[in-house]
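Below you'll find the structure, written out as structure tokens, and then a few comments.
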Amino acid sequence: MDLGLAGKRAIVCGASKGLGRACADALASEGVELTICARTEAALRQAAEEIGQATGVTVEAVACDIATEDGRSAVLATCPEPDILVNNAGGPPPGDFRDFSRDDWIAALDANMLAPIALIRATVDGMIERGFGRIVNITSGAVKAPIGILGLSNGARAGLTGFVAGIARDKKTVGRNVTINNLLPGAFATDRLMGMFDEAARERRRGSIPAQRFGVPAEFGQLCAFVCSAQAGYLTGQNLLIDGGAYPGTL
Ligand code: NAD
């Protein structure tokens, strides 16, 4: 299926590895020109080279912290008029909510709520003017089924989710072929998740997933590419779980 994206421009945040990298790979495979960012320059440059070599698309790499104003300005200077925006950053640390300081909360809000909102604000009007836009926020399955020790993540992502719900259904966005959706990963085999477990814990976690395996980042990237596709213009304001059946609810 041709997703109708060849020649479009995308900003993909947090794309040197993991789920962001998988989204960048899948979009590049569809002929999307990329601006990718991550904090570690060497890893980001290597990702950009690999993606460019594999697909032939232009990949600009901007090493920055997307949670900062300077970082976002650098990304937007490189790609001021994206057709696609994939918001992503590392998740906040786990812990007992009693131990979280105000600074911990501000850092979580900056990375997982305010940075995506700032990038949406900076790019959505151009998408509306051009009559095409796809915004995807990588959030978490914990938005639907909160995990106690991930209080910072639960709180910050709930804020982003509420904000998106309000603007995605506006006539000015979806009425102009600009969609905004959230992708909610369950357990994917990325460095971040695998780094949290020893061998025994990993097996227990794997066994708890109805699919009996961790998600493969490429599966996530391909869902992202479809949500960004020309065919997905009627899909907006949704929170799409991709979790191997882990969420137990009917809806
Ligand atoms: P990862 O650590 O494998 O990759 C994160 C990427 O984002 C890296 O490229 C890193 O350099 C970049 N990054 C992190 N913080 C950044 C920042 N402030 N500015 C710019 N770049 C930044 O992580 P992942 O597993 O791919 O997770 C991505 C997101 O999805 C995280 O928010 C995570 O909490 C969430 N998530 C992941 C899973 C999972 O199973 N992997 C499950 C639920 C939620």
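The values are calculated or read from the model by the stated rules, or taken from the named source; none is laboratory data. Note that the coordinates shown come from a computational prediction; the quantities given were computed from them, not determined experimentally. With ideal geometry, Cβ positions are generated from the backbone for all residues, glycine too; neighbour counts draw on all protein chains shown. Quick note on the areas: whole protein, heavy atoms, side chains included, nothing else; ligands and nucleic acids left out. Shrake-Rupley method; radii C 1.70, N 1.55, O 1.52, S 1.80 Å.
Here are a few things to note about the model shown:
- Residue check, residue 241 in contact with a Phe, Trp or Tyr (Cβ under 8 Å, 6 or more places away or on another chain), within 13 Å of the ligand (Cβ to nearest atom), outside any helix (DSSP H, G or I) and under 30 Å from residue 31 (Cα atoms): yes
- Of all residues in region 198-238 being surrounded by 12 or more Cβ atoms within 10 Å (Cβ to Cβ) and of a type in the set (Phe, Trp, Tyr), the one that is farthest from the ligand (Cβ to nearest atom): 226
- Search result, residues across region 140-197 that are touching a Gly at 6+ places or on another chain (Cβ under 8 Å), near the ligand (Cβ under 9 Å from one of its atoms) and open to solvent by 50 Å² or more (accessible area, probe 1.4 Å): 191, 192
- Filter pass, residue 50 being away from the ligand (no atom under 11 Å from the Cβ), of a type in the set (D, E, K, R) and more than 21 Å from residue 177 (Cβ to Cβ): yes
- Counting the residues of region 110-139 that are surrounded by fewer than 17 Cβ atoms within 10 Å (Cβ to Cβ) and charged (D, E, K, R) gives 4.
- Neighbours by Cβ (under 8 Å, 6+ apart or cross-chain): first from region 98-118, on the phi < 0 side of the Ramachandran plot; second among the hydroxyl-bearing types (Ser, Thr, Tyr) and not in a helix (DSSP H, G or I): 110/68; 112/139
- Taken over region 27-42, the criterion of being of a type in the set (Gly, Ala, Ser), within 22 Å of residue 81 (Cα to Cα) and either within 12 Å of the ligand (Cβ to nearest atom) or in contact with a Ser or Thr (Cβ under 6 Å, 6 or more places away or on another chain) (or both) is satisfied by 28, 29, 38.
- Filter result (more than 15 Å from residue 137 (Cα to Cα) and either within 15 Å of the ligand (Cβ to nearest atom) or not charged (D, E, K, R) (or both)) within region 2-26: 3, 4, 5, 6, 7, 16, 17, 25, 26
- Criterion violated by residue 45 - all others in (1) more than 14 Å from the ligand (Cβ to nearest atom); (2) open to solvent by 20 Å² or more (accessible area, probe 1.4 Å); (3) free of Cβ contacts under 8 Å to residues at least 60 places away in the same chain satisfied: (1)
- Checked against (1) surrounded by fewer than 17 Cβ atoms within 10 Å (Cβ to Cβ); (2) closer than 20 Å to residue 160 by Cβ; (3) among the aliphatic types (A, V, I, L, M), residue 67 meets all criteria but (1).
- The strands (runs of 3 or more DSSP E) falling completely within region 1-79 that include 2 or more residues that are within 17 Å of the chain's Cα centre (by Cα) and not aliphatic (A, V, I, L, M) map to 33-38.
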